[in-house]
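The values are calculated or read from the model by the stated rules, or taken from the named source; none is laboratory data. Nothing here was measured: the structure is a model prediction, and the numbers come from that model. Every residue, glycine among them, receives a Cβ derived from its backbone with ideal geometry; neighbour counts consider all protein chains shown. Each accessible area value is taken on the protein alone, full model and side chains, heavy atoms only, with ligands, DNA and RNA left out. Shrake-Rupley method; radii C 1.70, N 1.55, O 1.52, S 1.80 Å.
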Amino acid sequence: MSVGTFGDYGGQYVPEALMPAVEELADAYERYVLENEDGFVDELRRHLRDFGGRPTPLQRAAALSERYGHDVYLKREDLLHGGAHKLNNALGQVLLAQYMGKERIVAETGAGQHGTATAMACAYLDVDCEIYMGRTDINRQRPNVFRMRTHDAAVNAVDAGSGTLKEAINATLRDWATNVEDTHYVIGSVVGPHPFPSMVRDFQAVISEEAREQAIEQIGDLPEAVVACAGGGSNTMGSFANFLEDESVALYAVEAGGDAITVEEETGVAPHSASLSAGEDGVLHGARTKLLQTEEGQVVESHSVSAGLDYAGVGPELAHLVDQGRVEPVHVDDDAALTAFHRLSQDEGIIPALESSHAIAYLEDADFDGPVVVTLSGRGDKDLDTVIEESERRDVAAAPSMGVFTE
Ligand SMILES: *Cc1c(COP(=O)(O)O)cnc(C)c1O
């Protein structure tokens, strides 16, 4: 299989019924995104600026720079409309669907962040939107369900399996295969069959396109390293894309170390989500990649304190870049991420997403000398309930007391 592969990874491992859909999309990706047919790229840039608020700042973080003895710059994707980098991709794909003449959007969501970004983009561009979400996730992410409905999206509960992201993706792929005539599937990360990994990377590459220019302007040079957190890998691929050719720039993908890097063979549960660091080759959701699985090849249930990093697979291109030695995979555990969350909130006046807190936390383990760019993929307002609960349960030292109102 050679279409859309990255070394051993990627491809189009889909049932026959889905082939027409992925082929039509691959053709549209090539024409509109790569060749700017009908001015697609220009229109997308206009929406990202006027609706999304791009460019986002590259900000020198004074307290972090002081603490680590080298300059730390934050790429502020938390300031993008919607509060995370996810809108870059959602807006790109919903606009592409319009150029393709599709009137209906379907998308999966786990924690609800991608579903919300998609619902937002659909409301803005006036397209019908249906989101598939696992029953378990619906029950634990009520506010995001309401955000999606507020934007007039239909939210469909998926009851299969454990009722989480993996099942939601399968349900969305099925819908797409049945309704390909009028429907586009907006996938949420650099995963899935070709052309999704390449296309989502290209939509997110605006992060490093801006960051590289901003670094040269503000630092007068390229950074020593770029650090970004990896769930499915769209934030990392977007943060790295324009630095790949700059050999002097080290690239770190920070995964969720959860509670420990192990897999319980009996239960098929992994208390972490570090598929780059601890995964084995396998096929999931249409692509060959690194996966968390049992010795029998069963995909395991992963864990992270941050819902957005909690995925057993990872983008095929990122897996390949790790194999090549261009990207170094590292991991940070739940406690360290929570500590970094509080540190950034207290010292920099920024409440980071728990996902992004993993990237911040890695600075504590790293040994950099020069300026480093860390992508702050999102803001953490959505995580406050989890942070208060988990900080108390784990006795996180940096956490302020939240008990004042209940005494
Ligand atoms: C979804 C999400 C992530 C992880 O997804 P990727 O595809 O790896 O980028 C990271 N940070 C934030 C804020 C998210 O919402």
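Quick notes on this one:
- Residues considered: Ala353, Ala359, Ala397, Ala366. Of these, the only one that is at negative phi, open to solvent by 90 Å² or more (accessible area, probe 1.4 Å) and aliphatic (A, V, I, L, M) is Ala397.
- Among residues of region 317-343 being within 13 Å of the ligand (Cβ to nearest atom) and not in a strand (DSSP E or B), the one that is most open to solvent (accessible area, probe 1.4 Å) is Glu317.
- Just one residue in the set Glu181, Glu209 is open to solvent by 30 Å² or more (accessible area, probe 1.4 Å) and in contact with a helix residue (DSSP H, G or I) (Cβ under 8 Å, 6 or more places away or on another chain); that residue is Glu209.
- Every residue from region 47-102 that is among the hydroxyl-bearing types (Ser, Thr, Tyr) and either in contact (Cβ under 8 Å) with a residue 12 or more places away in the chain or open to solvent by 30 Å² or more (accessible area, probe 1.4 Å) (or both): Thr56, Tyr68, Tyr73, Tyr99
- For the condition at positive phi and open to solvent by 40 Å² or more (accessible area, probe 1.4 Å), Gly220 qualifies.
- The condition of being more than 30 Å from Asp381 (Cβ to Cβ) and assigned by TED's automatic domain parsing to the domain that holds Asp369 holds for only one of Ile261, Ile216, that being Ile216.
- Single residue of region 141-167 satisfying the filter (closer than 26 Å to Glu24 by Cα and at pLDDT below 95) that is surrounded by the most Cβ atoms within 10 Å (Cβ to Cβ): Leu165
- Residue match in region 102-120 (condition: over 19 Å from Glu77 (Cβ atoms), more than 16 Å from the ligand (Cβ to nearest atom) and assigned to a helix (DSSP H, G or I)): no
- With respect to the conditions (1) of a type in the set (S, T, N, Q); (2) modelled with pLDDT of 95 or more; (3) away from the ligand (no atom under 16 Å from the Cβ), Ser234 lacks only one, and its number is (3).
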